[in-house]
Amino acid sequence: MLSILVLHGPNLNLLGWREPEVYGDSTLDDINHSLTVVAQSLDVELTVLQSNHEGVLIDTIHDARSVHQGIIVNAGAYTHTSVAIRDAIAGVALPTVEVHLSNIYKRESFRHHSYIAPVVLGQISGFGTQSYVLGLHALVSYLRQKG
Ligand code: DQA
């Protein structure tokens, strides 16, 4: 069975309370629940982790190497700052989809640049919880086509 790692970065544990006008009312548990339902329908296994710590995210990406076949990542603000997370994704060379709840290109200019975008399969930004669901569909379909 395909095994996918879902990584949530900093401040995403506050979803539901945090700037609901930007990020919506869904909590992280709601998002993880939606993903679990979709994963069951696609017959894939999910491992989910949220961390506010860059090093924990990097360690988790490294550990994914021999365990998971792909990664869904919302690196939060580290998207715009972290060469180290980008290098970890490039280093493990696992197919990865970058997701964002908000449309980062509609927001402040410092959010328009993603260090991660050049090392992922693709990016889905602006569809709220659906960004994750669309990302999971896209990743599974890529992995199944690849064989
Ligand atoms: C985010 C967008 C980032 O700019 C921001 O720092 C986040 C969340 C999103 O999901 O829209 O924490 O990644």
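The values are calculated or read from the model by the stated rules, or taken from the named source; none is laboratory data. Because the structure is predicted, anything quoted here is derived from the model rather than measured. Virtual Cβ from ideal backbone geometry, glycine too; neighbours counted across all protein chains shown. For the accessible areas, the whole protein counts, side chains as well, though only heavy atoms, and no ligand, DNA or RNA atoms are used. Shrake-Rupley method; radii C 1.70, N 1.55, O 1.52, S 1.80 Å.
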Within a Cβ distance under 14 Å of LEU5, other residues only, what is the Lys/Arg minus Asp/Glu net charge? -3
Give, rounded to the nearest 20 debye, the magnitude of the charge dipole that the chain has about its Cα centre when Lys and Arg contribute +1 at Cβ and Asp and Glu contribute -1 at Cβ. 420 debye
Extension gain, VAL67 back to THR36 (0.36 nm per residue minus Cα-Cα distance, nm): 9.3 nm
Largest fluctuation, VAL119, VAL99, VAL22 only, Gaussian network model of the chain with Cα springs under 10 angstrom, belongs to VAL22
Could you state the accessible area per residue of the chain in Å², with a 1.4 Å probe and every protein chain left in place? 49 Å²
So how much slack lies between LEU121 and ARG18, counting 0.36 nm per residue of separation and subtracting their Cα-Cα distance, in nm? 34.2 nm
Counting other Cβ atoms within 10 Å, which GluC sites (Glu not before Pro) in the range 50-147 have at most 11 and lie in a DSSP loop? GLU108
Reciprocal mean inverse distance between Cα atoms of the range 2-146 - Kirkwood radius, Å: 15.0 Å
Helix-derived [θ] at 222 nm for the chain: sum -39500 (n - 2.57) over DSSP H runs of at least 4, divide by residue count, nearest 500? -12000 deg cm²/dmol
